[in-house]
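Here is the structure we will look at, set down as C-alpha cells.
FYI, it's all coordinate maths here, none of it is from the lab. Because the structure is predicted, anything quoted here is derived from the model rather than measured. Cβ placement follows ideal geometry from the backbone for every residue including glycine, while neighbour counts extend to all protein chains displayed.
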Amino acid sequence: MSKKNRRQKRKGFQLKHAAVIVGGLLILAAAILMFRGNINGGGGDIVGGTPAVVADQNVIDYGDLKDGTVKTFAIKVTNTGTGTLRFSGEPYIEVVQGCCPPTLTAGSMSLNPGQSTTITSSQFMMHPGMDGKHDFAIHIKTNDPTQPDLVVHVFSNWSE
Ligand SMILES: [Cu+2]
C-alpha cells in the first residue's frame, strides 16, 4: 500500500466518524424537542392566541352594614380568550375611600383558555371610629392586551 492510499483510507474513516457524531447530535436534538413538546402538552403555555380576563362581578356593593359585621368576598376570574392568561402580580386592593382593607389570595397565577380561578379576601369588618363609607378597588393585572388592569370595586357603608 502506498503512503497516499493509507492517508485516503484514514480520511474516509474520519468522515464516517463525523457522520456518526452528527447523526447522534440530530437524534439528541429531536429527543429534546419532543421532550419539550410533551411538557407543553401537559398544561403549559398556549403559544399564539390572545388572553381575555373576565370577572364574574365588576361591583360588589354591601350597602349599609352594622359595625362589627364580618364580611368576605370571592371573585371568580375566567380566561375567555385563546391564549394563556398570566397575572402580572398578586391582585391587590387600592383603598379609594375608608381604611383597613382585607388581604387577597389568588388560587392560580396562570390560566389557560377556559380556565378559572378565585380571588378570595380575608375576613374584614369595621368598628366605630373606622366606619363610614368604604370603596376598595381590587386591581387584577394580567397580560390581557385590551384590559391589562381589570378593577372590581367593593363598596360598603358602616355605622353603629
Ligand atoms: Cu375602615
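Details
- Nearest-0.05 FRET efficiency for Asn143 and Val96, computed from C-beta distance (R0 22 Å): 0.30
- Here r is the Cβ-Cβ distance between Val54 and Ser122 and R0 is 35 Å; the resulting FRET efficiency, rounded to 0.05, is 0.90.
- Within the same chain, aspartates and glutamates fewer than 8 places from Lys66 are excluded, and of the rest, those with a Cα less than 17 Å from its Cα are Asp131, Asp135, Glu160.
- Under Karplus coefficients 6.51, -1.76 and 1.60, residue-wise ³J(HN,Hα) of region 90-104 in Hz, glycine/proline x: 4, x, 9, 9, 9, 7, 7, 8, x, 7, 6, x, x, 9, 10
- For Thr84, the residues whose modelled amide H falls within less than 5 Å of its own, excluding neighbours fewer than 5 places apart on the same chain, are Ile46.
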